[in-house]
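Have a look at this one before I ask anything.
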Amino acid sequence: MELQEVIRSVAPLDEAAMAKARERQAQLAKPPGSLGRLEELSVQLAGITGQVHNKIEKKHLLVFAADNGVVAEGVSSAPQSVTLQQTVNLTRAKTGASTLCKHFGCEITVCDVGVNADIKEPKVLNKKIAYGTQNIVHGSAMTREQAVQAILTGIELAQNTDADVLGIGEMGIGNTTTSSAVLAVLLDADVDTVTGRGGGITDDSFRKKKEVIKTAILVNRPDKNDVIDVLAKVGGFDLAAMCGAFIGAAATRRPVVIDGFISAVAALCAYQLCSNVRGYLIPSHASYEIGYRLAMDAMGLQPLFLLGMRLGEGSGCPLAFEVLSAACAILNDMATFDQAGIDDGYLDEIRQGDKFTVEGAQ
């Protein structure tokens, strides 16, 4: 599989199908736009699949696990061993994301792309590239070849599932540090504006985390115009594989849900590698991490939820799957004005106007 070949295969959204979905929405027995994002999502889904009527039945969360050598710098409150334990626990419905998957009936695949240990749990998919990345303070996290390998691994996993919708999550102590470094480079942003506290660290550790990221960028000098170079020099195996999974989902014309901050940075990497990917992206919750908003703005996206979540793992994805299912139900099952026996002439002024005003809106 060639990366550029997959990237070229990602098609833009189907504008004809979206037009038909909008026409169908206009016929439903409700004021125009009154179901807000549900209407928008139903139109987006039509553009993704090329079909007006869609269903979200098979839901699949892909979680990529890897360790990051930068933890040696004391940037995380949790020891590296937590990556291994939680990677295993994700397969046992014992973490936040896997508990939600079990509750909502979502399939979950946990893929080891770089955990710094041998994992004996057979439910963890072994696609290990190396036993963690190198410490980015002293040099590149990985080789360019390893970065491409990780991206292709994510593409392969996304393409080989028959799910109607995919979600992309991660597990890896230290990956808010690598994600902040990647985001700072790609957006040419000040490190202080993209770096949060991750899982929770002291003030001294937080100051050190930002200094570590600044040093890593100075030492490695990643090229902001070359996403693969950035991932290789200051990223992680998990980030690169997640980037690939977003591309793989888009290449197979399926919606793909962004989780929190780390997932958003991976989605941004995918978008910068392939601009058509954007149409397939659906953000779930607004991450508590400060860099999240910058990543969303760079892609022109808005999250569905504001729940104060910052766990990661893909925990926002099962919630978003249910909203997507609701959007499908509205378009598929709601009565039209004719079916409801309602004369919709009272809406003529609204439909002919350039905009309509919702009571209480400014």
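Would you mind checking the radius of gyration and Dmax of the range 16-144 based on alpha-carbon positions, in Å?
Both quantities, over Cα of the range 16-144: 21.3, 62 Å.
Let me ask something additional. As a check on your grasp of the helix formula, calculate [θ] at 222 nm for the chain: sum -39500 (n - 2.57) over DSSP H runs of n ≥ 4, divide by the residue count, round to the nearest 500.
On the way: 16 runs with 174 residues, N = 362.
So the helix-based figure for the chain works out to -14500 deg cm²/dmol.
What do you get for the angle between helix 144-159 and the principal long axis of the chain? Use alpha-carbon atoms, 0 to 90 degrees, nearest ten.
Around 40 degrees separate the two axes.
Modelling each spin label as a point 7 Å along the Cα-to-Cβ direction, I'd like the T202/E23 distance in nm, to one decimal.
6.6 nm
Just the number, please: percent antiparallel of the DSSP beta bridges in the chain, rounded to the nearest 5. Spell out each step's value before the answer.
Values: 1 of 25 bridges.
So the antiparallel bridges in the chain amount to around 5 percent.
Here is a further query. Averaged per residue, what accessible surface does the chain expose to a 1.4 Å probe, in Å²? Walk me through the intermediate numbers first.
Values: 15490 Å² over 362 residues.
Solvent-accessible surface per residue comes out at 43 Å².
Across 10 Å bins from the origin, how do the percents of Cα pairs in the range 167-252 run, short distances first?
P(r) for the range 167-252, in whole percents per bin: 17, 48, 29, 6, 0.
What is the gain in length, in nm to one decimal, between A335 and L306 on full extension, counting 0.36 nm per residue of separation less the C-alpha to C-alpha distance? Let's see the in-between values first.
Working: separation 29, 0.36 × 29 = 10.44 nm, distance 3.04 nm.
The A335-L306 span can extend by a further 7.4 nm.
Under 10 Å, Cα contacts only: if you run a Gaussian network model on the chain, which one of G279, G36, G96 comes out with the highest mean-square fluctuation?
G36
Evaluate E = 1/(1 + (r/R0)^6) for Q85 and T215, where r is the Cβ-Cβ distance and R0 equals 22 Å; express this FRET efficiency to the nearest 0.05. Let's see the in-between values first.
Details: r = 29 Å, r/R0 = 1.33.
That pair, Q85 with T215, gives E of 0.15.
Mind checking the angle between helix 317-333 and the chain's longest principal axis? C-alpha axes, 0 to 90 degrees, to the nearest 10.
It works out to around 20 degrees.
What number do you get for the range 101-230 when its Cα radius of gyration is normalised by 2.2 N^0.38 Å, N = residues? Write out the running numbers ahead of the final one.
Details: Rg = 16.5 Å, N = 130, 2.2 N^0.38 = 14.0 Å.
Working it through for the range 101-230, the quotient is 1.18.
Continuing with this model, one more query. Given 10 °C and 1.306 mPa s, compute D for the chain with the Stokes-Einstein relation, Rh being the Kirkwood radius over Cα pairs; round to the nearest whole µm²/s.
Values: Rh = 20.8 Å.
My calculation gives 76 µm²/s for D.
Angle check, please: helix 261-273 long axis (alpha carbons) against the longest principal axis of the chain (alpha carbons), in degrees 0 to 90, nearest 10.
80 degrees
Give the distance, in whole Å, between the Cα centre of the range 182-258 and the Cα centre of the range 279-294.
Centre-to-centre distance over Cα atoms comes out at 14 Å.
Give me the percent relative contact order of the chain, please, defined on Cα pairs under 8 angstrom at least 6 residues apart.
After rounding, I find 24 percent.
Looking at the chain, which Cys residues are left with no other cysteine's beta carbon under 4.7 Å from theirs?
Unpaired cysteines in the chain: C111, C274, C317, C328.
The values are calculated or read from the model by the stated rules, or taken from the named source; none is laboratory data. Since this is a predicted model, take the numbers as computed values, not measurements. We place every Cβ from the backbone using ideal geometry, glycine too, and count neighbours over all the protein chains shown. Surface accessibility is based on the protein's heavy atoms, side chains included, excluding ligands, DNA and RNA. Shrake-Rupley method; radii C 1.70, N 1.55, O 1.52, S 1.80 Å.
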